[in-house]
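These notes concern the structure reproduced below.
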Amino acid sequence: MVDIAVISGSKSDQAIVDRILSRLEERGASYEHRVLSAHRNPDELEEYISGTDARVFIGIAGLSAALPGVIASKRCARSLEYL
């Protein structure tokens, strides 16, 4: 089990990912990182979100910033199933 799922939209976001992962490591947080685009990999992204037990999601996106919104919409829908 990981506490934090870090999802970036493309490999071009790696410099930002490295900074975030460095901070998580400094704090001893358990995390995993995936490169999954909301546009190019929507099925894989949904599968990952629904299959992970992470409690916190960090979405790293470029110009369109669609990824954080998609993550939130999928995760909120999953959370509502338990109500």
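Each peptide among 14-21, 68-75 gets the average number of other Cβ atoms lying within 10 Å of its residues, and from highest to lowest they stand as 68-75, 14-21.
Using the Cα coordinates of the chain, the gyration tensor eigenvalues translate into equivalent-ellipsoid semi-axes of 20, 17, 10 Å, sorted from longest to shortest.
Scalar couplings 3J(HN,Hα) for the range 48-61, obtained by applying the Karplus form with A = 6.51, B = -1.76, C = 1.60 to θ = phi - 60°, are 5, 4, 6, x, 8, 9, 4, 9, 10, 10, 10, x, 10, 9 Hz; x denotes Gly and Pro. Here the chain has 52 percent of its accessible surface on carbon and sulfur atoms, given a 1.4 Å probe and all protein chains in place.
Given the alpha-carbon gyration tensor of the range 4-43, what are the semi-axes of its equivalent ellipsoid in whole angstrom, ordered largest first, with each equal to the square root of 5 times an eigenvalue?
On the way: eigenvalues 89, 27, 4 Å².
Three semi-axes, in Å: 21, 12, 4.
The values are calculated or read from the model by the stated rules, or taken from the named source; none is laboratory data. Nothing here was measured: the structure is a model prediction, and the numbers come from that model. For neighbour counting, all protein chains shown are included, and Cβ atoms are generated from backbone atoms with ideal geometry for every residue, glycine included. Ligands, DNA and RNA are excluded from the accessible area calculation, which covers all protein heavy atoms including side chains. Shrake-Rupley method; radii C 1.70, N 1.55, O 1.52, S 1.80 Å.
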